[in-house]
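Notes follow the structure.
The values are calculated or read from the model by the stated rules, or taken from the named source; none is laboratory data. Remember, it's a predicted structure, so these values are computed and weren't measured experimentally. Heads up, the Cβs are rebuilt from the backbone with ideal geometry, glycines too, and the neighbour counts pull from every protein chain shown.
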Amino acid sequence: MNQSLQTLVNEAIGRFRQAKTLSELDGAKAAYLGKKGKISELFGLLKSMSSEEKKEFGLELNSAKGVINSGLKDAKERIEFTQIQKKLNAQSIDVTLPGRGHDKGAIHPLTQSRREIEKIFSLMGFEIASGPEIENDWFNFTALNNPKDHPARSMQDTFYLEDLDNNGDNYLLRTHTSPVQVRFASCNKPPFRVISPGKTYRVDSDATHSPMFHQIEGLWLDRNVTFRDLKGLYIDFLKVYFDNTEINVRFRPSYFPFTEPSAEVDLMFSKGQLSGKWLEVAGAGMVHPKVISNFKLDPNEFRGFAFGMGLERLTMLKYGIGDLRLFFENDLRFLEQFKC
Ligand code: DAH
């Protein structure tokens with residue numbers, strides 16, 4: 001590179017090095033590489049040169065331009081780096097501030113309770129089954145010996161669904177988990193023991209009722225099951241679930257269309273806030289022979305017992321919860337108390 005070109009390059013790089021801001025750098029860049037810049041002007045001279053000179057000077061100019069460009073790039077990086085550095089120094093970080101943190105979630109109390117009940121019954125040889133929440137009339141009522149127009153149907157205020165396909169099949173939101181008895185027994189050969197937890201629906205809403213609630217159904221079918229087995233098993237279950245061997249349990253005669261005899265199961269704690277009062281926790285009974293026939297089984301060969309309990313109620317009694325709506329409001333102040 002000839003001397004004067006080299007001087008020009010040094011001069012440009014010197015100015016780039018002195019630039020403190022990007023706009024100063026832009027100014028310097030324009031002075032050399034802009035349209036009217038010194039280097040651009042030199043390129044303009046090429047036009048009037050012979051091809052020999054043009055070739056030589058052109059090469060020199062291009063390499064001068066390359067050196068200037070790389071000087072410009074270095075200067076730009078230096079300025080940007082200093083700017084970031086300045087910014088970082090200005091924003092000091094207060095390491096003593098508390099962090100945002102992540103709260104650990106918790107299992108919903110109803111789920112905790114359901115899992116516990118499933119565990120207890122699994123240990124007693126029960127399997128777990130489920131069924132659909134949209135049921136038809138047969139599984140929810142008729143097969144359970146609760147025919148159309150029978151007054152027992154009014155025990156359960158039902159959400160009926162529109163008969164969209166117009167085939168006369170009455171669809172509804174199941175009012176209890178008992179239809180799973182029919183579904184399970186129709187495709188499994190006894191002996192078996194099964195429980196079925198799930199959502200159920202009734203037209204009902206106050207502090208102790210919600211239109212959606214949960215039940216857990218139980219069914220034990222075999223050749224020689226008796227009411228004594230039902231009592232022994234259910235009392236054992238309650239003692240384990242409430243972790244309390246001192247509870248009193250009674251089977252109070254009652255009526256359900258699908259069991260005969262039928263009972264309501266009440267318990268009474270001997271200690272604590274709820275002590276001294278009988279509290280209803282389940283319905284139960286020996287499966288009605290007509291229901292066993294509807295399972296497509298011979299009632300002379302098979303018999304058994306069934307029971308159904310409310311998951312919300314059992315959970316409320318266990319933890320002393322007074323209002324069922326708390327389960328569904330998702331208020332963290334309530335839910336956080338069930339962290340484990
Ligand atoms: N399905 C009954 C209800 O929702 C509860 C029930 C009672 C279930 C007796 C049973 C039973 O399996 O044997 O009110």
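Key figures
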read-out	value
Of all residues making up the stretch 271-286, the number that are small (Gly, Ala, Ser), within 16 Å of the ligand (Cβ to nearest atom) and over 17 Å from residue 313 (Cβ atoms)	1
Within the stretch 199-221, tally of residues that are more than 21 Å from residue 296 (Cβ to Cβ) and either within 12 Å of the ligand (Cβ to nearest atom) or not small (Gly, Ala, Ser) (or both)	15
Candidate set: the stretch 139-195, residues that are assigned to a loop (DSSP other than H, G, I, E, B) and aromatic (Phe, Trp, Tyr); chosen: the one nearest to the ligand (Cβ to nearest atom)	141
Flag if residue 290 is within 16 Å of the ligand (Cβ to nearest atom) and in the same structural domain as residue 194 (by TED's automatic domain parsing)	yes
Subset tally (residues that are touching a helix residue (DSSP H, G or I) at 6+ places or on another chain (Cβ under 7 Å) and within 16 Å of the ligand (Cβ to nearest atom)) for the stretch 304-340	7
Selection count, the stretch 197-215, where residues are part of a loop (DSSP other than H, G, I, E, B), charged (D, E, K, R) and loosely packed, with under 15 Cβ neighbours inside 10 Å	1
Unique match (being surrounded by 13 or more Cβ atoms within 10 Å (Cβ to Cβ), in a helix (DSSP H, G or I) and of a type outside the set (Ser, Thr, Tyr)) among 307, 327	327
Residue count, the stretch 227-238 (criterion: more than 12 Å from the ligand (Cβ to nearest atom), in contact with a strand residue (DSSP E or B) (Cβ under 8 Å, 6 or more places away or on another chain) and not acidic (Asp, Glu))	4
Test set (1) touching a Ser or Thr at 6+ places or on another chain (Cβ under 7 Å); (2) loosely packed, with under 13 Cβ neighbours inside 10 Å; (3) not acidic (Asp, Glu) - residue 90 fails condition number	(1)
Among (1) touching a residue at least 24 places away in the same chain (Cβ under 8 Å); (2) in a helix (DSSP H, G or I); (3) within 21 Å of residue 199 (Cβ to Cβ) - the single one residue 132 does not satisfy	(2)
Enumeration of residues in the stretch 201-245 that are more than 26 Å from the chain's Cα centre (by Cα) and acidic (Asp, Glu)	204, 206, 222, 229, 236, 243
Complete set of residues in the stretch 293-304 that are surrounded by fewer than 19 Cβ atoms within 10 Å (Cβ to Cβ) and either in a helix (DSSP H, G or I) or outside the structural domain of residue 191 (by TED's automatic domain parsing) (or both)	293
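Here's the yes/no breakdown for (1) free of Cβ contacts under 8 Å to residues at least 60 places away in the same chain; (2) within 18 Å of residue 10 (Cβ to Cβ):
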site	(1), (2)
36	yes, no
46	yes, no
57	yes, no
62	yes, yes
76	yes, no
84	yes, no
91	yes, no
104	no, no
